[in-house]
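Written out below as structure tokens is the structure these notes cover.
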Amino acid sequence: MIILYILVTTISSGLIAVCMANWLTYNIFSKYLHYMVSLSVGVFLSVSFLHLLPEAFNDIPEKSDVLLLAMLVSIVGFFILEKISLIRHNHHYEGDGHGHSHGHDRHDAGNGGVIILIGSSLHNFSDGVLISASFIASPLLGVLTALSIITHEVPHKLCDFVVLRNAGFHRRRIFCMILASSLCSSIGGLFGYFILQNIQQITPYVLVIAASSFIYISISDLIPSMHEQEYPTAHIPQLIFVIVGIAITYLITNLGHNYLCQCSCFIGIK
């Protein structure tokens, strides 16, 4: 019965977060999509440095050097992945100062979207593991954990929508891609249910890879697109939205994820 709770909760929580982010993107923030890229930078970087990496290093502090190596390998791996994709489509970066979003076709612009989806999938996987462990401890604890994760994931999914929209993907395709990524939480839930005793050794590396993907896409794709603005008046709003993104993540990390950490300690996977 617990496994049914895990599947229903992980699927429904992912669907709710994706639907809410989709509605916000196309009904509330559609007129400010360009500035949402700046918001995405703030959210992705702060999620990486304030949540994912600290959580990974706290899990196995004695292997911090191994985690740093994993982070380096991940970033280089994403760079190679992007280069292979560019070569495949016979289009290379020329470094001539042309706009990132205006100088590439949909395939090239989509490279960053693929990397974001990889990171989001890994993040969703780790969330599914936590939901699974919570349900094993208590069904009520599992539901509360899922609600907390939904609160945490809506801004994250919103940024995914912005990045993929900025990459030129169609709205329906974006929704399906992010929904498929969200289903990785169900895979994580099943994985946590059947192999919970080994999860402590694996989770930190999953978190590091997810953080590396967010850092890489922010630095290699989103920030350069922000620098394309020719009007000085656009720079201040960009900075404001970056700060807002950091503030949102900081608040959610302290209000929501402190609860999740307490749950993790309670169920003994930290």
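The values are calculated or read from the model by the stated rules, or taken from the named source; none is laboratory data. Computed from a prediction, not measured in an experiment: that's the story for all the values here. Cβ sites come from the backbone with ideal geometry, for glycine too, and all protein chains shown count toward neighbours.
Okay, here's what the table says:
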{"item": "GLY42 being under 20 Å from PRO155 (Cβ atoms), part of a helix (DSSP H, G or I), out of contact with any Cys (no Cβ under 8 Å at 6 or more places or on another chain) and modelled with pLDDT of 85 or more", "result": "yes"}
{"item": "Enumerated helices (runs of 4 or more DSSP H) restricted to the range 166-270, each holding at least 3 residues that are at pLDDT 75 or above", "result": "171-182, 184-194, 199-217, 223-226, 235-255"}
{"item": "Pairs with Cβ under 7 Å, 6+ apart, first in the range 54-66 and within 12 Å of VAL206 (Cβ to Cβ) and part of a helix (DSSP H, G or I), second modelled with pLDDT under 85 and of a type in the set (A, V, I, L, M)", "result": "GLU55/LEU207; ALA56/LEU207"}
{"item": "Which numbered condition ALA133 fails, given (1) surrounded by fewer than 24 Cβ atoms within 10 Å (Cβ to Cβ); (2) at pLDDT below 75", "result": "(1)"}
